[in-house]
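Participant: Just dropping this structure here.
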Amino acid sequence: ADLVTLQDEFGVDVAGRTIAFVGDGNNVALSLAALCGRLGVRFVLAAPKGYELPPEMVEGLQKDSPKASITVTNDPVEAVREADAVYADTFVSMGQEAEKQQRLDDFADFQLNANLMAAAPKQAIVLHCLPAYRGIEITDEVIDGPQSRVFPQAHNRLHAQKGLLAVLLGNA
């Protein structure tokens, strides 16, 4: 659904586009990096030190997709500089509640806000896998702003999940 949203915006052939994921090198970042590698989309992760994708996972992704372009940085401004899409996710996922304050402190400079979007190209769109914690990982003015495609992305996810359920339940 995330890449369908990119296709909706930029056309079917998304090879050569760039997605900057600003946040935790978690399961969302990993699966998005894997998909980007298969479709020829450059993936850039901006995460605080200690929250990057593990190097062995990046190596595994690049082994699976030799042409994959995966970059990891600790500088969110550098990450978004050439982005066609800037993607945010929650800083505190389920099961990490005990680490909440430490994570919020560590990710304070990684909020997707107007200043960070000003460093991105003008055509860059904003994505988020939801639920969004407004004022924490993303500001109201960005998620509700003209570059946001968060709600069309959620709409695409609905259809992707319905298709997956149809396949799993044998109705496809």
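The values are calculated or read from the model by the stated rules, or taken from the named source; none is laboratory data. Everything numeric in this text was worked out from a predicted model, so none of it was measured. Because the Cβ atoms are built from the backbone with ideal geometry, glycine has one as well, and the counts that use them run over all protein chains shown. Accessible surface is based on the protein model in full, side chains and every heavy atom, while ligands, DNA and RNA are left aside. Shrake-Rupley method; radii C 1.70, N 1.55, O 1.52, S 1.80 Å.
Participant: Within the range 37-56, is even one residue of a type in the set (A, V, I, L, M, F, W, C), in contact (Cβ under 8 Å) with a residue 40 or more places away in the chain and open to solvent by 30 Å² or more (accessible area, probe 1.4 Å)?
Facilitator: In the first step, residues of the range 37-56 are kept if they are of a type in the set (A, V, I, L, M, F, W, C); the result is 39, 41, 43-47, 53.
Still in the list and also in contact (Cβ under 8 Å) with a residue 40 or more places away in the chain: 46-47.
Those still in the list that are open to solvent by 30 Å² or more (accessible area, probe 1.4 Å) too: none.
No, that holds for no residue.
Participant: Another question, then. Considering only residues that are of a type in the set (A, V, I, L, M, F, W, C) and touching a Phe, Trp or Tyr at 6+ places or on another chain (Cβ under 6 Å), look in the range 42-84 and name the one that is farthest from Ala124 (Cα to Cα).
Facilitator: Kept after step one, since they are of a type in the set (A, V, I, L, M, F, W, C), are these residues of the range 42-84: 43-47, 53, 57-58, 61, 68, 70, 72, 77, 79-80, 83.
Okay, now just the ones that are also touching a Phe, Trp or Tyr at 6+ places or on another chain (Cβ under 6 Å), so 45, 70.
Numbers: Leu45: 16, Ile70: 18 Å.
Residue satisfying both the conditions and the ranking: Ile70.
Participant: Quick one: Ala68 ticks every box in (1) open to solvent by 20 Å² or more (accessible area, probe 1.4 Å); (2) of a type outside the set (Ser, Thr, Tyr); (3) more than 11 Å from the chain's Cα centre (by Cα) bar one, so which box is it?
Facilitator: (1)
Participant: Do we have any residue at all in the range 4-12 that's modelled with pLDDT of 95 or more and over 21 Å from His159 (Cα atoms)?
Facilitator: So far as the range 4-12 goes, no, none of its residues is modelled with pLDDT of 95 or more and over 21 Å from His159 (Cα atoms).
Participant: Do you know which residues across the range 95-118 are within 20 Å of Pro76 (Cα to Cα) and open to solvent by 70 Å² or more (accessible area, probe 1.4 Å)? Please lay out each step first, then the result.
Facilitator: As a first pass, look at the range 95-118 and keep what is within 20 Å of Pro76 (Cα to Cα): 102-118.
Result: Gln102, Asp105, Asp109, Asn115, Ala118.
Participant: Identify the residue in the range 151-169 that is of a type in the set (A, V, I, L, M) and within 19 Å of Leu6 (Cα to Cα) and, among all such residues, is least open to solvent (accessible area, probe 1.4 Å). Spell out how you get there, then give the answer.
Facilitator: The first filter runs over the range 151-169 and keeps only residues of a type in the set (A, V, I, L, M), leaving 154, 158, 160, 164-169.
Applying the additional criterion that residues be within 19 Å of Leu6 (Cα to Cα) yields 154, 158, 160.
On the way: Ala154: 32, Leu158: 86, Ala160: 49 Å².
Ranking the candidates gives Ala154 first.
Participant: Which condition from (1) out of contact with any Pro (no Cβ under 8 Å at 6 or more places or on another chain); (2) free of Cβ contacts under 8 Å to residues at least 60 places away in the same chain is the one that Ala120 breaks?
Facilitator: (2)
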